[in-house]
1. Is it the case that GLU156 is under 26 Å from LYS283 (Cβ atoms), part of a loop (DSSP other than H, G, I, E, B) and among the charged types (D, E, K, R)?
2. LYS75 - would you say it is within 20 Å of LYS131 (Cα to Cα), open to solvent by 50 Å² or more (accessible area, probe 1.4 Å) and either free of Cβ contacts under 8 Å to residues at least 24 places away in the same chain or among the β-branched types (Val, Ile, Thr) (or both)?
3. Could you say which residue among SER217, SER259, SER176, SER223 is of a type in the set (Gly, Ala, Ser) and free of Cβ contacts under 8 Å to residues at least 60 places away in the same chain?
4. GLY211 - would you say it is without any contact (Cβ under 8 Å) to a residue 60 or more places away in the chain and open to solvent by 10 Å² or more (accessible area, probe 1.4 Å)?
5. Taking ARG149 and the conditions (1) part of a strand (DSSP E or B); (2) under 17 Å from ILE231 (Cα atoms); (3) of a type in the set (Lys, Arg), which numbered condition does it fall short on, given that it satisfies the others?
6. Can you tell me which residue is farthest from GLN82 (Cα to Cα) among those in segment 93-145 that are of a type in the set (Gly, Ala, Ser) and part of a loop (DSSP other than H, G, I, E, B)?
7. Just wondering, is there one or more residues in segment 103-110 that are of a type in the set (Ser, Thr, Tyr), surrounded by fewer than 19 Cβ atoms within 10 Å (Cβ to Cβ), over 22 Å from VAL39 (Cβ atoms) and at pLDDT 95 or above?
8. Is at least one residue of segment 132-142 of a type in the set (A, V, I, L, M, F, W, C) and open to solvent by 50 Å² or more (accessible area, probe 1.4 Å)?
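The values are calculated or read from the model by the stated rules, or taken from the named source; none is laboratory data. Every value quoted in this text rests on a predicted model; they were computed, and no experiment measured them. Here Cβ is always computed from backbone atoms with ideal geometry, including for glycine, and neighbour counts include all displayed protein chains. Heavy atoms of the whole protein, side chains included, go into the accessibility calculation; ligands, DNA and RNA do not. Shrake-Rupley method; radii C 1.70, N 1.55, O 1.52, S 1.80 Å.
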Amino acid sequence: MKNILVTGGHGQLGQSLKKAATAYPQFNLIFLDATELDVTDADALSAYFSANQPDACINCAAYTAVDKAESEEEKAFLLNFQAVLLLAEICAEHRTQLIHISTDYVFSGKQNVPYREDDETDPQSIYGSSKLRGEAAALGYNPDTIVVRTSWLYSEYAVNFLKRMQELMREKQELSVVFDQTGTPTYAGDLATALLDILQYKAGNPDAATGGVYHYSNEGVTSWYDFAVTIKELTAATTTILPVTSDKYQTAAARPAYSVLNKEKIKETFGIHVPYWRDSLNKCLRRM
């Protein structure tokens, strides 16, 4: 049985991996959060890896407070860059396959066709910059690292757009949601399955050169406004949802206006199936 360490294991992706792992009995996933393994502590990482020798590590640990990062740059870079560098180093030393989760926020959002992995990056926020530095650190130190960029992640766990919208629709008669930011909602349960499929592929093809950056989101394109309207329809909520432009909803950090991800590479390399976003939203709501 392959032992898989999941850092940041109690977040929404970690919890989604725990649920998805029941379909992959060949893997033994170990879920640790910051209180159990501090990924910013080189000595703690060294001690854990020496004692446990994990075959792979899925790094879900991240600083994800996008707006707060604008005033907490040091904290964002500590977790999104320096910790990733430490993980890449220790994984290379122990021949542990590292899968690192990144974000669509590494792009400017000024493009109008889906972003490919080799398109120019130009983050517009501290969060995006710290995640991009983390990617470079992981691949620079350990070229076998698999970096998976994703977007608009939601699930039945933790805090996310879906759960926040459901809460607001219960409390308010009217909501305003931006309509000029375009991307693809990604169900964390689907991403979790894709990550485990990648590990399954690697287990069967240990010598395959698969290091690099990959994109994964659900299929399709929508706006935050249309995402909210779909949530309303599928949950039979009665709240009125109004479309507004981003300048009417000021945030500390800039968001990409367009962040649709091209997923050809991950599908062709690992044989990943990618569901349509509305189908996955339906699936998530049923599970809730």
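1. yes
2. It is true that LYS75 is within 20 Å of LYS131 (Cα to Cα), open to solvent by 50 Å² or more (accessible area, probe 1.4 Å) and either free of Cβ contacts under 8 Å to residues at least 24 places away in the same chain or among the β-branched types (Val, Ile, Thr) (or both).
3. On the way: SER217 fails: free of Cβ contacts under 8 Å to residues at least 60 places away in the same chain; SER259 fails: free of Cβ contacts under 8 Å to residues at least 60 places away in the same chain; SER176 fails: free of Cβ contacts under 8 Å to residues at least 60 places away in the same chain.
Just one listed residue meets the conditions, SER223.
4. Values: without any contact (Cβ under 8 Å) to a residue 60 or more places away in the chain: no; open to solvent by 10 Å² or more (accessible area, probe 1.4 Å): yes.
Judged against the criteria, GLY211 is not a match.
5. Condition not satisfied by ARG149: (2).
6. Step by step, filter segment 93-145, then rank; the result is GLY109.
7. Checked segment 103-110: no residue is of a type in the set (Ser, Thr, Tyr), surrounded by fewer than 19 Cβ atoms within 10 Å (Cβ to Cβ), over 22 Å from VAL39 (Cβ atoms) and at pLDDT 95 or above.
8. First, the residues of segment 132-142 that are of a type in the set (A, V, I, L, M, F, W, C): 132, 136-139.
Remaining after also requiring open to solvent by 50 Å² or more (accessible area, probe 1.4 Å): 136.
Taking every residue of segment 132-142 in turn, at least one turns out to be of a type in the set (A, V, I, L, M, F, W, C) and open to solvent by 50 Å² or more (accessible area, probe 1.4 Å).
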